[in-house]
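Have a look at the structure below, then the notes.
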Amino acid sequence: MVDHRRIRRLNSCDERRGPVIYWMSRDQRVRHNWALLHACDKANALGQPIEVVFTLAPAFLGAPWRHYDFMFRGLEEAEADLRAIGIAMAVLPGNPAETLTAHAAAIGAGAVVADFSPLKLPRSWKRQAAERLACPICEVDAHNIVPCWFASPKQEFAARTIRPKLNALAGEFLTPFPEPAPRFQPSTIRRPPVDWGTIAAGFHVDRSVEPVALAPGGEAAENRLQRFIGHTLPRYAESRNDPNAGCVSGLSPYLHFGQLSAQHAVLSALRSGSGMAGREAFVEELFIRRELAENYCFHNDRYDSFEGIPAWAKATLAEHAGDRREHLYSAGEFERAETHDPLWNAAQSCLVRTGAMHGYLRMYWAKKLLEWSPSPAAAFDIAVLLNDRYALDGRDPNGYTGIAWSIGGLHDRPWFERPVFGKVRYMNASGCARKFDVRRYIDTMAAQEAP
Ligand code: FAD
Ligand code: FO1
């Protein structure tokens, strides 16, 4: 049922009789999940029970409470959805490679199916587990439409180089999910419901970054997708760069935590009757841009640092390293939105308060970090720090790639040379003013800030 090109073996152990584990991490959902579908295929073929395991690492790239609150509540819904089809979930706190391997040995697992992430940390978990497991482990790319390793064997230069490759393969991979969802063999593995309250209460994490109002979970994601398609998708093409227009989908936290399938979202948009321009623009972002980001992180292990950016950008930024910075701020001043620029401060305050920043302003936000930091490398690190600490969709390939695009010209080209930026594309407030009503944005944010 699952296209074999979406599956990669991670060790060469022989199959053995025993329960099948779906090691859920990136794609924290039951519906439209190729990894879960493959695990159930395998369990049914082996005549074995299946269970889902979530390994709760002691920390994840500095994520504070805001992200765990959203994730735990989404996982609680996923657990209930699994229970409804007779599948149990186990949550294992500790080092994922150790806890997964120990659990697999304890239940005599016959096979482990993992989902896919291009990030270094989840990849190291799976690599260690693959070495220690006594049974086969494979990973299924349930996050991308075209499996990341299949889309391209190398780091792509820009959207224009990966777009033809993705579009050529869309016919084979942008396929509908089996509906109705196949009957999973009710599992004989019984577990008490996970005690999420105790897990949340006992989880040691920085609680100074508080939860946001956004409702988590697959059902909220689906509602938001349908509302977006029904009401704003038609205006998406012409208004997606206007932070005042409210024309973006707001789906990124759901996509980041895998509570929503990008493939399902693209199929839903394409099936809708709404205007072609809006659908094309949305698919360009959700399919092409997002899978370009996956390609970058998969093929460049310095994706989370200034070192990963293209050589031309490193060279031009180095030439201008000594240029006078008209304004200089520390990470703390940026974090507290204490710059001279009311637009930048409004965007930063919104990020801290709501866990979100409009996509157009994210570009401006990062480019000003480049302009007002002592060095491009420092700017990159501050951008990653603030984005991963406050953005609900942070710690995502899209984030590292968006920062590398803004500060390091990744997937972009050289522009007219200027101080500090060199030939990296420049953005400024007057450029924003040509795109949207800056005053209105600042006033709207100020009104929301007011107690
Ligand atoms: P929509 O415009 O509704 O787009 C729908 C989906 O398409 C998004 O959810 C996302 O999955 C994808 N998408 C849209 N724009 C991009 C893009 N430029 N690159 C890759 N995928 C895209 N995105 C994150 O998911 N997490 C981040 O931490 C993040 N940090 C960013 C930092 C900077 C400096 C920049 C310039 C961009 C960043 N982005 C990040 C990409 C983009 O801004 C967000 O995906 C988008 O704003 C999310 O809002 P939305 O879901 O309403 O987007
Ligand atoms: N995935 C896990 O398997 N275990 C975790 O403990 C975990 C914590 C976590 C915290 C914040 C966050 O943004 C993501 C987190 N994820 C976790 C992983 C996530 O779903 C993906 O695997 C990564 O985002 C990689 O793409």
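The values are calculated or read from the model by the stated rules, or taken from the named source; none is laboratory data. Please read these numbers as outputs of a predicted model, since none were measured by experiment. Cβ placement follows ideal geometry from the backbone for every residue including glycine, while neighbour counts extend to all protein chains displayed. Surface accessibility is based on the protein's heavy atoms, side chains included, excluding ligands, DNA and RNA. Shrake-Rupley method; radii C 1.70, N 1.55, O 1.52, S 1.80 Å.
Brief remarks on what is shown
Yes/no per residue for (1) within 16 Å of ligand 1 (Cβ to nearest atom); (2) open to solvent by 10 Å² or more (accessible area, probe 1.4 Å):
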| residue | (1), (2) |
| --- | --- |
| Pro118 | yes, no |
| Arg123 | no, yes |
| Ala129 | no, no |
| Ala134 | no, yes |
| Ile137 | no, no |
| Ile145 | yes, no |
| Pro153 | no, yes |
| Phe157 | yes, yes |
| Ile162 | yes, no |
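- Boolean, Ile407 is open to solvent by less than 20 Å² (accessible area, probe 1.4 Å), of a type in the set (Val, Ile, Thr) and within 16 Å of ligand 2 (Cβ to nearest atom): no
- Condition check for Ala366: surrounded by 23 or more Cβ atoms within 10 Å (Cβ to Cβ), under 23 Å from the mean Cα position of the chain (by Cα), near ligand 1 (Cβ under 10 Å from one of its atoms) and closer than 19 Å to Val209 by Cα: no
- Evaluation of Ala63 against the conditions (1) more than 16 Å from ligand 1 (Cβ to nearest atom); (2) touching a residue at least 12 places away in the same chain (Cβ under 8 Å) shows that the sole unmet condition is (1).
- Failed criterion for Trp312 (all others in (1) without any contact (Cβ under 8 Å) to a residue 60 or more places away in the chain; (2) open to solvent by 50 Å² or more (accessible area, probe 1.4 Å) hold): (1)
- Residues (over 10 Å from Phe298 (Cβ atoms) and among the polar types (S, T, N, Q)) located in region 148-174: Thr161, Asn167
- In region 175-210, residue modelled with the highest pLDDT [restricted to those that are under 22 Å from Asn44 (Cα atoms) and open to solvent by 80 Å² or more (accessible area, probe 1.4 Å)]: Pro176
- Residues that are more than 29 Å from Phe306 (Cβ to Cβ), open to solvent by 60 Å² or more (accessible area, probe 1.4 Å) and assigned to a helix (DSSP H, G or I), drawn from region 434-451: Arg434, Arg439, Arg440, Asp443, Ala447, Gln448, Glu449
- Only helices (runs of 4 or more DSSP H) whose full extent lies in region 336-415 are considered here, and none of them has at least 1 residues that are at pLDDT below 95, of a type in the set (D, E, K, R) and touching a helix residue (DSSP H, G or I) at 6+ places or on another chain (Cβ under 7 Å).
- Each residue in region 329-341 was checked for being surrounded by 13 or more Cβ atoms within 10 Å (Cβ to Cβ) and either touching a residue at least 24 places away in the same chain (Cβ under 8 Å) or in contact with a His (Cβ under 9 Å, 6 or more places away or on another chain) (or both), and 6 pass.
- For region 1-113, the strands (runs of 3 or more DSSP E) that sit wholly inside it and include 1 or more residues that are open to solvent by 40 Å² or more (accessible area, probe 1.4 Å) and at pLDDT 95 or above are 7-9, 88-93.
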